[in-house]
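**Student:** Pasting a structure below so you can have a look.
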Amino acid sequence: MGRVQLSPNFNETEFSVSRAHPDLVDDVPAQYVPKLQRLAVYGLQIVRDRTNQSLTVLSGYRSPELNAAVGGSRTSQHVMGEAADFTCPDIRRAVYDIIDLIQEGRLGAIGQIIYYPSQSFVHMALTSRRFSVPTLCIKWPSEEYNYTPCEATREAFDEMVPPHLDPSTV
């Protein structure tokens with residue numbers, strides 16, 4: 001498709017990635033580019049601007065084949081260009097900033113937000129029927145597809161993911 005600039009710091013090619021299965025990566029289909037642009041503008045760019053850190057997209061659009069290969073959910077928003085997983089140099093600080101942005105009402109286009117402490121990345125998806133407002137969850141490795149909701153406060157987050165147990169802070 002080419003290199004479509006989605007927001008000041010994100011372009012379409014950044015959302016066509018997979019470290020685990022680079023052989024299964026496809027270009028983003030044209031019908032999903034507007035959704036990725038909405039995710040970039042109203043999600044990732046806002047987080048990047050607040051954290052003042054570069055965000056690295058680890059997974060964006062996934063073809064059904066790539067989604068199956070990585071063990072993604074059958075209902076994954078990645079397949080529709082509505083989700084991205086990202087990391088940055090100080091991911092815990094980024095989660096604090098996401099919490100602040102939720103409290104300020106600045107992430108209205110975003111629904112599910114999952115922090116994976118053991119893998120040091122955040123999953124961010126557009127609103128959906130299930131997640132119509134920004135909803136922070138924590139995903140621990142032993143929980144399969146279960147995500148523990150976390151109240152969007154720094155105190156609640158620190159209680160659920162104590163800094164001394166968070167691998168990203170070690």
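The values are calculated or read from the model by the stated rules, or taken from the named source; none is laboratory data. In this text the structure is predicted, and so the values were computed from the model without any measurement. Neighbour counts are summed over all protein chains in view; Cβ atoms, including those assigned to glycine, are modelled from backbone coordinates with ideal geometry. When the accessible area is computed, the model is the full protein with side chains, heavy atoms only, and any ligands, DNA or RNA have been set aside. Shrake-Rupley method; radii C 1.70, N 1.55, O 1.52, S 1.80 Å.
**Student:** Might you tell me the accessible area per residue for the range 89-129, computed with a 1.4 Å probe and given in Å²? It would help to have the intermediate numbers written out before the result.
**Tutor:** Values: 1520 Å² over 41 residues.
Result: 37 Å² of accessible area for each residue.
**Student:** How much accessible area does CYS88 have with a 1.4 Å probe, in Å² rounded to the nearest 10?
**Tutor:** Roughly 20 Å² of CYS88 is accessible to a 1.4 Å probe.
**Student:** If you plug each phi of the range 54-63 into the Karplus form 6.51 cos²θ - 1.76 cosθ + 1.60 with θ = phi - 60°, what whole-Hz ³J(HN,Hα) values come out, in order, with x for Gly and Pro?
**Tutor:** Per residue, the Karplus-derived 3J(HN,Hα) values read 5, 9, 9, 6, 8, 7, x, 5, 10, 5 Hz.
**Student:** May I pose another question? Determine the share of the chain's accessible area contributed by carbon and sulfur atoms, expressed in whole percent, with a 1.4 angstrom probe. Write out the running numbers ahead of the final one.
**Tutor:** Values: 4210 of 8420 Å².
It is 50 percent, rounded to a whole number.
**Student:** Note down the Stokes-Einstein diffusion coefficient of the range 80-170 in µm²/s, whole number, using a Kirkwood radius over alpha carbon pairs, 25 °C, and 0.890 mPa s.
**Tutor:** On the way: Rh = 13.2 Å.
The diffusion coefficient I find is 186 µm²/s.
**Student:** Follow-up. Using only alpha carbons, build the gyration tensor for the range 3-65 and give me the equivalent ellipsoid semi-axes, biggest first, whole Å.
**Tutor:** On the way: eigenvalues 85, 38, 14 Å².
They are 21, 14, 8 Å, listed largest first.
**Student:** Which of the listed residues, SER73, TYR32, ILE102, is farthest toward the dipole's positive end in the range 1-112, when Lys, Arg count +1 and Asp, Glu count -1 at the beta-carbon?
**Tutor:** So the residue furthest toward the plus end is ILE102.
**Student:** While we're on this one: Per Stokes-Einstein, at 20 °C and 1.002 mPa s, what whole-number D in µm² s⁻¹ belongs to the chain, with the Kirkwood radius over Cα pairs as the hydrodynamic radius? Working shown, then result.
**Tutor:** Details: Rh = 16.0 Å.
Value of D from the Cα-based Kirkwood radius: 134 µm²/s.
**Student:** If you don't mind, there's one more thing I want to ask. Compute the helix-to-body angle for 91-103: its Cα long axis versus the longest principal axis of the chain, expressed 0 to 90° and rounded to tens.
**Tutor:** The angle comes out at about 90 degrees.
**Student:** Related question: Can you give the helix-only mean residue ellipticity at 222 nm for the chain, where every DSSP H stretch with n ≥ 4 adds -39500 (n - 2.57) and the sum goes over all residues, rounded to the nearest 500 deg cm²/dmol?
**Tutor:** Working: 5 runs with 40 residues, N = 170.
Calculated from helices alone, the mean residue ellipticity at 222 nm is -6500 deg cm²/dmol.
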